[in-house]
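Below is one structure; the comments refer to it alone.
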Amino acid sequence: MIYILPLISVIAGYLIAIFLKPSSSIGFKLLLSFSGAYLLAVTIFELLPEVYLNGTEEVGIFIMLGLLLQIILEFVSKGVEHGHLHHQEGMKKFPILLLISLSIHAFLEGFPMDEGDHILHGVVIHKIPVATILSVFLIHSNLSKIKVGLFLAVFALMTPLGSFFKSQFSLLQDISIYINALVIGIFLHVSTTILFEASKNHKFNISKLAVIVGGILLAYFI
């Protein structure tokens, strides 16, 4: 399932982009808030204790490196990982730098998914709105359907590829604690940015507060 569900989440995001017009959908914004809350809760409840229990004092350094890495990646991706990406109607050139940035993010998030179903579900829930925003961006560009399909296919494959690489190479398994710490930093940045930017003027309404609390509780009890 760690190989199949991330692929399904990208397909789901593409279908949402086509049929539901998420840019004007309150429901999509609530999904984004829920995904951020769930991802943050899973990171704190599951991943964070694991790396500190089995790692060394250098774990904190790798968490900060992951946070900094995500900031660098967002200079290129323009924040699609947390729901931001402006349409570029006249874009004809294949956005290779955007693909590289998102691929690094997606590849790394595949590493901790064998730690448990909670992590897998957190990544999948996170990828659906990301794939939706990305699909909207690509659909409204002047790229051909073949290029759009190629972009989404590569993006969809990167997370399963990260999981596959970890399972096949003993070196990656030996340093998995530190890779997971790197991913924690990435998840902390992405999820908290989603929550802080979930509402206009940084004000929470009841609906968004409810889905955020729901995401946290779901991650805790399931």
For the chain, the percent of accessible surface on carbon and sulfur atoms (probe 1.4 angstrom, ligands and nucleic acids excluded) is 71
Go ahead and estimate [θ] at 222 nm for the chain from helices alone: -39,500 (n - 2.57) per DSSP H run with n ≥ 4, summed, over the residue count, rounded to 500. -24500 deg cm²/dmol
For the pair D117/I72, report the inter-label distance in nm, with labels modelled 7 Å from Cα in the Cβ direction. 3.7
With the cut-off at 25 Å, tell me which of the pairs K145/K208; K29/K145; K29/K127 have Cα atoms farther apart than that. K145/K208; K29/K145
Rolling a 1.4 Å sphere over the protein heavy atoms, what is the accessible area per residue of the stretch 130-222, to the nearest Å²? 51
On the first, second and third principal axes, largest extent first, how far apart are the outermost C-alpha atoms of the stretch 116-222 in Å? 47, 42, 22
Per-residue HN-Hα couplings for the stretch 31-47, Karplus 6.51 cos²θ - 1.76 cosθ + 1.60 at θ = phi - 60°, whole Hz, x for Gly and Pro? 4, 4, 5, 4, 5, x, 5, 5, 5, 5, 5, 4, 4, 6, 6, 10, 6
Label model pair L65, F19: point-to-point distance (7 angstrom along the Cα→beta-carbon line) in nm is 4.4
Principal axis dimensions, largest first and in whole angstrom, of the chain by Cα: 49, 42, 30
With charges only on Cβ, +1 for K and R and -1 for D and E, what is the dipole size of the chain about its Cα centre, in debye, rounded to 20? 1160
What list of ³J(HN,Hα) couplings, whole Hz, do you get for the stretch 69-78 from phi and the Karplus terms 6.51, -1.76, 1.60, once you set θ to phi - 60° and write x for glycine and proline? 4, 5, 4, 5, 4, 6, 4, 8, 7, 6
Cα-based Rg/(2.2 N^0.38 Å) for the stretch 4-71, rounded to two decimals, is 1.51
Grab the Cα-Cα distance for L217 and Y3, subtract it from 0.36 nm times how many residues apart they are, and report the gain in nm with one decimal. 74.4 nm
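The values are calculated or read from the model by the stated rules, or taken from the named source; none is laboratory data. Since we're looking at a predicted model, the values are computed, not measured. Positions of Cβ are generated from backbone atoms using ideal geometry, with glycine treated the same way; all protein chains shown enter the neighbour counts. Surface accessibility is based on the protein's heavy atoms, side chains included, excluding ligands, DNA and RNA. Shrake-Rupley method; radii C 1.70, N 1.55, O 1.52, S 1.80 Å.
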